[in-house]
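The values are calculated or read from the model by the stated rules, or taken from the named source; none is laboratory data. Since we're looking at a predicted model, the values are computed, not measured. Every residue, glycine as well, gets a Cβ built from its backbone with ideal geometry; the counts of neighbours run over all protein chains shown.
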Amino acid sequence: MGERHRRRFELCGVNFVAVADTQAEFDGIVDKLNLENAGEAGVDFAVIASPATTHYRYTKYFLERRIPVFVEKPLATTAEQAQELVDMAASSGTVLFVAQSECFNPIFLNFRKHFVAELNERCADVTAGNEPCRGVHLEFRREHRYSSRCRDVSVMLDLLVHDLSMFLTMFPYGDVRVESRNESPDGNYAQAKLKVVSGPFAGASADFVVDRESATDLRNITVNFARNGELPSSNYTVSLARYTPEGEIAHVPDSLDNEHRFFLKLLAGACGEWGRRAAQNAADCVRLCCGV
């Protein structure tokens, strides 16, 4: 992912002044920044695409020096660490961006637009105090064949964070309750169930299934709307992925391009409130994965 991010940022005119692929190389960058402040060193931001268990340490290092950070998901491996980083960035006014790329997937963005419109239509005329969206259910299913990447964390922090991040762009974290979460002993398969318990979409629910040692590759969202008055029931599935002729998932390049453009807009001072919400979304995903 580091190589992918570097190539795309360079296409946007970014020049990388240093790259570290080992701890020793990172220590060299640290030495340089300890001798010179960020402006004199010419550092506008840092990209972190290291093992997940190091994200907190590296991100905190740069935020302490008020250097904006673009970090791969997950933001951290504990809820406490993730929230600490978000609060640190907010208190100093430093940009913190977590690369949860599915939120920028054009297929998902189109799906969300139409799903939320139908959700509003179906939940519009219900008496206050009831569960207006009872009978609305989603299933997020993400399966991959075995890969050696991201094995330093469980499948929840590896894969589930993607689907949770999309879910939380449609349903606020404060309105959501975890009904159940189960993980296999080897940490490679997990299920979770969330319910929206307050707000205008109370009653909606979602199941999540993630598997990183599956026989197939898929990234699907299935929607089930029960009959509601004059509105008929509706069931459909959307695939968030494109596939090679061999049936393997191919990355949707627009997802990465979109997230890079948004990050650069944040650096330029645009979309500040959106950026803070996106960072909090990333911390909330870690919190849900950790069962907090």
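Do we have any residue at all in region 176-192 that's among the hydroxyl-bearing types (S, T, Y), under 19 Å from V286 (Cα atoms) and touching a residue at least 40 places away in the same chain (Cβ under 8 Å)? Within region 176-192, not a single residue is among the hydroxyl-bearing types (S, T, Y), under 19 Å from V286 (Cα atoms) and touching a residue at least 40 places away in the same chain (Cβ under 8 Å). One residue alone among G291, G272 is within 21 Å of the chain's Cα centre (by Cα), assigned by TED's automatic domain parsing to the domain that holds A79 and free of Cβ contacts under 8 Å to residues at least 40 places away in the same chain, and that residue is G272. Looking at region 145-163, is at least one residue surrounded by fewer than 19 Cβ atoms within 10 Å (Cβ to Cβ) and under 20 Å from G199 (Cβ atoms)? No, there is no match, as no residue in region 145-163 is surrounded by fewer than 19 Cβ atoms within 10 Å (Cβ to Cβ) and under 20 Å from G199 (Cβ atoms).
Evaluated against (1) in a loop (DSSP other than H, G, I, E, B); (2) surrounded by 14 or more Cβ atoms within 10 Å (Cβ to Cβ); (3) free of Cβ contacts under 8 Å to residues at least 60 places away in the same chain, S214 falls short on exactly one condition, (3).
This table checks each residue for (1) more than 25 Å from S234 (Cβ to Cβ); (2) assigned to a helix (DSSP H, G or I).
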residue: Y56; (1), (2): yes, yes
residue: I67; (1), (2): yes, no
residue: L75; (1), (2): yes, no
residue: E102; (1), (2): no, yes
residue: F115; (1), (2): no, yes
residue: A124; (1), (2): no, no
residue: P132; (1), (2): no, no
residue: S148; (1), (2): yes, no
residue: D152; (1), (2): yes, no
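Could you please find all residues in region 243-266 being over 19 Å from the mean Cα position of the chain (by Cα) and either in contact (Cβ under 8 Å) with a residue 24 or more places away in the chain or surrounded by 11 or more Cβ atoms within 10 Å (Cβ to Cβ) (or both)? Steps first, please.
Of region 243-266, the ones over 19 Å from the mean Cα position of the chain (by Cα) are 243-248.
If the condition is that a residue be over 19 Å from the mean Cα position of the chain (by Cα) and either in contact (Cβ under 8 Å) with a residue 24 or more places away in the chain or surrounded by 11 or more Cβ atoms within 10 Å (Cβ to Cβ) (or both), then Y243, G247, E248 are the ones that fit.
As for region 37-50, it holds no residue that is modelled with pLDDT of 95 or more, in the same structural domain as N281 (by TED's automatic domain parsing) and hydroxyl-bearing (S, T, Y).
Right, A206: of a type in the set (G, A, S), assigned to a loop (DSSP other than H, G, I, E, B) and either touching an Asp or Glu at 6+ places or on another chain (Cβ under 8 Å) or modelled with pLDDT under 95 (or both) or not? It is false that A206 is of a type in the set (G, A, S), assigned to a loop (DSSP other than H, G, I, E, B) and either touching an Asp or Glu at 6+ places or on another chain (Cβ under 8 Å) or modelled with pLDDT under 95 (or both).
Here T77 does not fit the description of being assigned by TED's automatic domain parsing to the domain that holds A282 and surrounded by fewer than 19 Cβ atoms within 10 Å (Cβ to Cβ).
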